[in-house]
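What follows is calculated from the coordinates using simple rules that are stated; it is not laboratory data. Owing to the predicted nature of the structure, the values given are computational and were not obtained by experimental measurement. Note: ideal-geometry Cβ built from the backbone for every residue, glycine included; neighbour counts use all protein chains shown.
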There are 4 protein chains.
Amino acid sequence: MIVAMQEGADEALIQQVIEHLVKMGFEVHRSTGARMTVLGAVGSGIEIDIRNLELLPGVQEVHRISSPYKLAGRSFRPEGTVVRLANGIGIGGNEIIVMAGPCSVESREQLFTTAEAVAKSGAKVLRGGAFKPRSSPYSFQGHGEDALKLLREAGEKFNLLVISEVMEISQIPPMLPYVDILQVGARNMQNFNLLRELGKVRKPVLLKRGIAATLEELLLSAEYIMAGGNYDVILCERGIRTFETYTRNTMDISAIPIIHKLSHLPMTADPSHGTGRRDKVSPMARASVAAGADALLIEVHCNPDKALSDGAQSLFPEQFAKLMDELRIIAPAVGRKIV
Amino acid sequence: MIVAMQEGADEALIQQVIEHLVKMGFEVHRSTGARMTVLGAVGSGIEIDIRNLELLPGVQEVHRISSPYKLAGRSFRPEGTVVRLANGIGIGGNEIIVMAGPCSVESREQLFTTAEAVAKSGAKVLRGGAFKPRSSPYSFQGHGEDALKLLREAGEKFNLLVISEVMEISQIPPMLPYVDILQVGARNMQNFNLLRELGKVRKPVLLKRGIAATLEELLLSAEYIMAGGNYDVILCERGIRTFETYTRNTMDISAIPIIHKLSHLPMTADPSHGTGRRDKVSPMARASVAAGADALLIEVHCNPDKALSDGAQSLFPEQFAKLMDELRIIAPAVGRKIV
Amino acid sequence: MIVAMQEGADEALIQQVIEHLVKMGFEVHRSTGARMTVLGAVGSGIEIDIRNLELLPGVQEVHRISSPYKLAGRSFRPEGTVVRLANGIGIGGNEIIVMAGPCSVESREQLFTTAEAVAKSGAKVLRGGAFKPRSSPYSFQGHGEDALKLLREAGEKFNLLVISEVMEISQIPPMLPYVDILQVGARNMQNFNLLRELGKVRKPVLLKRGIAATLEELLLSAEYIMAGGNYDVILCERGIRTFETYTRNTMDISAIPIIHKLSHLPMTADPSHGTGRRDKVSPMARASVAAGADALLIEVHCNPDKALSDGAQSLFPEQFAKLMDELRIIAPAVGRKIV
Amino acid sequence: MIVAMQEGADEALIQQVIEHLVKMGFEVHRSTGARMTVLGAVGSGIEIDIRNLELLPGVQEVHRISSPYKLAGRSFRPEGTVVRLANGIGIGGNEIIVMAGPCSVESREQLFTTAEAVAKSGAKVLRGGAFKPRSSPYSFQGHGEDALKLLREAGEKFNLLVISEVMEISQIPPMLPYVDILQVGARNMQNFNLLRELGKVRKPVLLKRGIAATLEELLLSAEYIMAGGNYDVILCERGIRTFETYTRNTMDISAIPIIHKLSHLPMTADPSHGTGRRDKVSPMARASVAAGADALLIEVHCNPDKALSDGAQSLFPEQFAKLMDELRIIAPAVGRKIV
């Protein structure tokens, strides 16, 4: 931490700040120039609200130097993390992994038809909601455990792994037998109790960025999971809230290369939620791969017009097939492949 | 709902849209002009994603007319709601209620000293965190039930009601014996499972706006609680996230008169979280009252420099006393009083 | 400026950064601790893009310490600036000055009727647009110099000073004989050529914050004017663009106390543009005064329903009179008065 | 326009609204259902502020149906516009055009070295600033007409067309002899006087989206230029301001497919300003092409470390060469090519 004193700050004020820092456990380095004094405070594991230092008399500015996350930071594993799934698949490696399927599991027929289609086009993971968080209390809320069983069955039939969203701690145990990846939705990105529990699980977690979360906050949330011992965290960009209302959210494609710089964790993109409109999903999926995404999460529905939720952002199976072909052209431009 | 057809849309396309609406349960009114046809679709309790209609061929635009919330809407109780608390206090009536106290309950001494001070200055409700959601996994997480007991005891001693934050469903039963108002934090505004459980409780709930939530979303979350039968919902503005980084959040004071127009529920302001800096708390508290706030929620600490959390945004007791005096001057300008 | 080196940075890298800084003209202070080295770089008047330093090998972070504005900063005039107008009126002093009038000057009758009403209620300055920047090319664009003459005439008749917006350099000379304050609109806040010209003028300038401008950028724009020798700059908050769409803009009331801390310049609030809706103007005007605004800028129209522009956000004269009475109650809470 | 009356609105109120609309010049279609009445108002060329209708008694909501821009709308030229430049080059056609060069023209050597490099890698247009708008009054402000001459000379030598930014009306005549495309910067997107003048010019204009501008506002600004008779408008995304501060701006890649749907005008992306950091430029350039951009605008400098402005976001010539190779792989995925 760096504390810059005001230009006129006298020795008494400087000593007072130094004592304050030492009392907190920091080692302090002082640099006094003709016009200003700067204090460097070093210490690991010291929890501090820098606003308290800013309020001390004589202090001009305070800057945190070291990032507040450690396990999630790039320096923890400079070579990058490949999250290993069953079937020898890895997210973060040379192959770009596509996860696809309906927003909600609605029926056996709907799920199996869709699963067959996405598997044929090259998806490796089947997505599908069992528990649905909805902003209106009067909406369809998901089929729960029945949906999980169907996902597992469809996954086995079409050789797909399974990802589904966990919404609260009590859902973790019933989900574990059925899913290969536990997904944390944008609204739960800072549900710290849930994150702490997921740190005790030994299955990969896909953590979505909240619509108002900075990338630093996303990494701090990943840190919560990793601090519990679960290092298999996959991050995901799915749009942030801005003043532009044409799309539901503004998909922040630049988050992909930024996360790759700040962190060793793999980075996924969800263009379905990122745009909220079917006709924008393919362009943004292509853009994500071109920007370096390690994986994609895409909503596909065998009959989007009849979908119980989010049909408007679900691709038709043929659109998905066409998109996969386009992605296969793009992948080599970033030294990757899609099988 | 209003569906505007494209200028050139022919009769077949129009009929197709009408049939679609009728099949969904709507009563359809048609208005055909020289250049365009407009369809009005009326029906209550029909859940619909308007994006699906926008994707139908020939459709230019779709607008929802009725608001998606009903119980929370002004028309449900045009005269406004006064949430009755114990001691004959009401939030939403002629008196502006001030809730004050420390961010976290740290010790008996800290709490009692602070409680005595805020009671003396005119606060009617004691605030204090027992369970603390923190963005870093390495921070102080609160004293739990011990803190709740202290809050109750201090409240009784200084004739203050008690408000504290509930973070997950499992905390509701242990909190009920101790608190008069259950507070839902900004991060949980769309934790729909929690909201649903709070709908079954028979104690007032103070619901904070999420940092990226629109006012419509805030009212939809209130609707979740009210749909369960608990109509004693108090709303609260505590800052939204914008591009301006000087303050932690940008406190949206205009939310106060807007909520009063859209809803019958009382509206509170939290200038401590709304600004994040002690020296901005009093100006924003005054602004909130001048804009018509029914209540305030303010962090006060007997010794902010030693606070375990949010000391930088906590007022000193003397600052709080001075603020209360200023508020007593302002209240009559909006036809209110502070006792 | 503070440059924090990475933990493992070796002596060669550190020397390289020091040389780089010295070559740019900085005096460098070095502080080396067990784990990290921090460089403090001092030097005035050195223009620098800190991103260039961030890209040097071995550098972890760079922070600017001194604010990039000098003349606009609080330390330039710690006692605060009172901008003196004709008639002995000052903005920034004990009296809160209210500027009111129609969005556009439409006709003699409209202007004089409105001017008489606002003067009677206590306004000291008459506002009115002569040149109108409109977002559609098909809208009313203002009456130009004729409007300026009417403003001057009405001002003299009802003992009001005159403020009007200048949109481009060529309008400055024709405006000077007619106005007492030149207003720069939000869209021109970073029209640096215009600002530079206004620095040569010897009349006060009211500078509005752009809808996407940070407060630092607002102060930098004030610096442009002041660098030319015109120190009579009045700042103005009029709403920023956020994700909330219920109001046109989100009025950032906290900008008022923040500007008072960062700068010595007086701070005005424009609740008409800040909200865009007539029924929100009075609450936000009251909030602005309660938060410490030095002046208000309010749209009033003798017949808002017939206004050629912005009628929806213009107060009726009776609403304005009632508001002034409310403001007179509030002003003493912040140690001010409205005559 | 659609006016939805409140549920209980009686016949007198409805008639009043109808009369109001008729007086404004609209043809009104009425649709009365069991519960609500909806009025459709049709009329072209009628300028209206819908907030005035919203304030009429009995009115619940008002929605504009037709888009406020006409010439810029897709329906004006459904097949899309190819803006023809000299040398037979077109923007909006099958070939993706890359415009590259330094932020500012600093010297003959700097410009010619850079121009040679970008031409060799496949750029077709040379960019370079002659007049520099800077947020600090103490920064380098550009070499003016001398820079324009150098641009023309370098363009002719290396077979590149020339684009440069125009900042105010007075700069248009001196620029015309030297440039092939006039660029309007983000800060001038709503400088309507400038746009109107550019409507009289017979050279293509590249119009950048403001950092707080919606896409509708961008198209309205294009309309200003087109309304003057200049239909050769090229739009450009260069990042919007959001709460995320890691990058200077958040580049809104989804603007590319959205503009292609709403408008016939070609859409360009500027990843240099869109990210502000050299290491993010290539990923975002690739993403833009993958999302369907018609052209790119990229800052390249022969020696970025010595650049007088924006060196931190300028590519080294070798980075640019590598990027062009990557783009050549991606283009076929969207049915395009880069020669």
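Annotations for the structure displayed:
- Between residue B:24 and residue A:196, the FRET efficiency estimated from the beta carbon spacing at R0 = 25 angstrom works out to 0.05.
- Taken over chain A, the convex hull of the Cα atoms encloses 158 Å³ per residue.
- Annotation for residue A:32, label-to-label distances across the other copies: 2.1, 8.8, 9.0 nm (shortest first, one decimal, point 7 Å from Cα along Cα→Cβ).
- Take each residue of peptide D:283-296, count the partner chain Cβ atoms within 10 Å of its Cβ, and average: the result is 6.
- Normalised by 2.2 N^0.38 Å, where N counts its residues, the alpha-carbon radius of gyration of the stretch B:138-236 equals 1.08.
- Taken along its principal axes, the alpha carbon cloud of the stretch C:153-301 reaches lengths of 39, 38, 25 Å, longest axis first.
- Sorted shortest first, the distances from the residue B:51 label point to those of the same residue in the other copies are 3.0, 3.3, 3.5 nm; each point sits 7 Å from Cα along Cα-to-Cβ.
- A simple packing score, the average count of other Cβ atoms within 10 Å per residue, orders the peptides A:205-213, C:69-77 as A:205-213, C:69-77, with the highest score first.
- Cα centre as origin, Lys/Arg/Asp/Glu Cβ charges: chain A dipole, Debye: 700 debye
- Comparing B:253, B:89, B:225 in a Gaussian network model of chain B, where Cα atoms under 10 Å apart are tied by springs, the biggest mean-square fluctuation is seen for B:89.
- Across identical copies of the chain, residue B:202 has label-point separations of 4.8, 7.8, 8.4 nm, listed in ascending order, with the point defined 7 angstrom from Cα along Cα→Cβ.
- The share of alpha-carbon pairs in the stretch B:252-307 lying farther apart than 12 Å comes to 64%.
- Relative contact order for chain C, counting Cα pairs under 8 Å that sit 6 or more residues apart, in percent: 17 percent
- Calculated on C-alpha atoms, the gyration radius of the stretch C:53-203 divided by its Kirkwood radius gives an Rg/Rh of 1.11.
- With R₀ set to 30 Å, the beta-carbon distance separating residue D:203 from residue D:261 gives a calculated FRET efficiency near 0.65.
- Calculated FRET efficiency for the pair residue D:245/residue A:316, C-beta based, R₀ 35 Å, to 0.05: 0.35
- When peptides A:161-169, B:21-29, B:164-172, C:231-239 are ranked by their average number of other Cβ atoms within 10 Å per residue, the highest-first order is C:231-239, A:161-169, B:164-172, B:21-29.
- Axis-nearest residue in chain B [Cβ, rotation onto A], distance in whole Å: B:212, 2
- Rg/Rh for the stretch D:236-339, where both radii come from Cα atoms and Rh is the Kirkwood radius: 0.98
- Candidate lysines for bridging to residue D:322, where Cα separation is under 23 Å - those fewer than 8 sequence places away on the same chain excluded: A:261, A:337, D:120, D:124, D:280, D:306, D:337
- Between residue B:306 and residue C:108, the simple spin-label model (points 7 angstrom out along Cα→Cβ) gives 7.5 nm.
- In summary, the stretch B:2-63 shows an alpha-carbon radius of gyration equal to 1.02 times the 2.2 N^0.38 Å reference for compact globular proteins.
- Cα convex hull of the protein assembly as shown - mean projected area over all directions, nm²: 46.1 nm²
- Average beta-carbon neighbours from other chains, 10 Å sphere, peptide A:328-334: 6
- GNM top mover of B:97, B:256, B:329 - chain B, alpha-carbon springs below 10 Å: B:329
- GNM result for chain B, Cα springs below 10 Å: residue of B:31, B:282, B:272 fluctuating most strongly: B:31
- About its Cα centre, the protein assembly as shown has a charge dipole of approximately 0 debye under the convention of +1 per Lys or Arg Cβ and -1 per Asp or Glu Cβ, with nothing else charged.
- Per-residue mean of foreign Cβ neighbours for B:251-263 is 6 (Cβ atoms of other chains, 10 Å radius).
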